[in-house]
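Comments concern the structure below.
What follows is calculated from the coordinates using simple rules that are stated; it is not laboratory data. Keep in mind that what you see is a predicted model, and the values were worked out from it rather than measured. Cβ coordinates were reconstructed from backbone atoms using ideal geometry, including for glycine residues, and neighbour counts include every protein chain displayed.
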Amino acid sequence: MEEWMAALTPLLAAFAGWAAARLKSGAKREKAVEQGVKSLLRGQIIDLGLHYLEKQSIPPYGLDNLINYYTAYRDLGDGDGSVAGLVEKCRALPIRPGGAQAAQSEAAADGKQDEKEEAAWHKALKTARSPAMR
């Protein structure tokens, strides 16, 4: 019996070392993914927030998105008070009618809608669809 224990001890030690290394590697990867998601959320909050502050109004869907992004960002560990301030400024903006038509009207009014580009996009979309989707 002692021979079995003597033979198994190095194997168990090697397995324990391997398992510990895997756990450490997994924790490092998880932390990196968390930081990446947090960075993406922060960037999106800032982009949207500055956009709506420039417009001096916000559609309901925009406010919902901003609040959802901020909630997830905060839950990951808010380390930037300026992001919270930006969201609060957006919450104070007047709510304007929102929806697809309002967004299209806004884009046209801003001169940002290029008809050729949109036509090309629609043509590419039709080409990319499979015959079963038509």
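Observations on the structure shown:
- Lysine pairs in the range 1-94 with Cα atoms under 30 Å, if 8 or more residues apart or on separate chains: 5
- Mean Cβ count within 10 Å, highest first, over the residues of peptides 32-39, 61-68: 61-68, 32-39
- Taking the average, over residues, of other Cβ atoms within 10 Å as the packing measure, peptides 14-20, 84-90 rank 84-90, 14-20 from highest down.
- Estimated inter-spin distance, ASP47 and ILE95, nm [label 7 Å along Cα→Cβ]: 2.5 nm
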